Amino acid sequence: MDYEIVIRNDTADARKSPIAGSGTAASDTTSNGGGGGDGLSLRQGAAKGLVAVNHYIKPFVDQMATQYVTTVQLRTGSQELEERMSFKMNVTQKVVSFGSSMLTGALMGSAGGPVGAVVGAVAGAVMRLATMAVDYSNKQEKLNLQRSVENVGLRYMNARAGGSVASFSGSRLKNQ
């Protein structure tokens with residue numbers, strides 16, 4: 001009895017892609033003449049480009065913009081200008097992020113035709129809105145906690161100053 005062990009790497013020629021469906025299944029649909037082989041490669045190229053922009057270029061641009069905005073007060077002496085620019089930058093980042101989510105959804109859903117693209121864009125928009133809602137909810141909770149801690153601190157300061165006991169118990173009126 002002779003045994004032979006063969007180790008074969010059949011995936012050596014396959015290229016890895018962050019886009020779903022770009023492996024053998026996608027090549028099967030294009031080779032079967034399913035109509036839209038050029039559209040599939042165009043969508044894959046656009047999706048890969050979008051992933052590259054979001055992963056490599058956007059963080060670099062964000063870092064440069066943040067550095068510029070956070071040093072406005074040091075350069076100009078105007079804290080109000082820095083706050084206005086920071087607000088504008090935050091709004092711009094949210095709009096770009098929202099558009100990117102819609103575009104990603106449209107690209108991923110476009111395999112189902114124009115209706116799929118619209119559904120994908122709506123799904124991307126809903127996901128971004130949900131993310132923004134959670135972000136705002138977390139910020140609101142943090143503000144509420146800060147307000148609560150500040151109120152406790154103010155009550156203690158007022159009590160140390162002798163203001164709260166006298167004003168709440170009515171003892172000031174009795175002494176006068």
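Computed from the Cβ-Cβ distance with R0 of 35 Å, the FRET efficiency linking ILE7 to SER86 stands at 0.05.
Taking Lys and Arg as +1 and Asp and Glu as -1, the other residues whose beta-carbon sits under 13 Å from that of GLU82 total +1.
Here the spin labels are modelled as points 7 Å beyond Cα on the Cα-Cβ line, and at LEU129 and VAL115 they lie 2.2 nm apart. The slack between ASN151 and VAL61, meaning 0.36 nm per residue of separation minus the straight C-alpha distance, is 28.4 nm. Among the lysines in the range 35-150, how many pairs, 8 or more places apart or on different chains, have alpha carbons under 17 Å apart? Counting lysine pairs in the range 35-150 gives 4.
A cut-off under 15 angstrom between Cβ atoms defines the neighbours of SER100, and their net charge, with Lys, Arg +1 and Asp, Glu -1, is +3.
If I take R0 = 22 Å and measure r between the Cβ atoms of LYS142 and GLN79 in this structure, what FRET efficiency does the formula 1/(1 + (r/R0)^6) give, to the nearest 0.05? Using R0 = 22 Å, I get an efficiency of 0.50.
Read-outs throughout are calculated quantities, based only on the coordinates presented, and are distinct from any laboratory measurement. Predicted model only: the values in this text are computed from it and were never measured. No Cβ is skipped: glycine too gets one built from the backbone with ideal geometry, and neighbour counts run over all protein chains shown.
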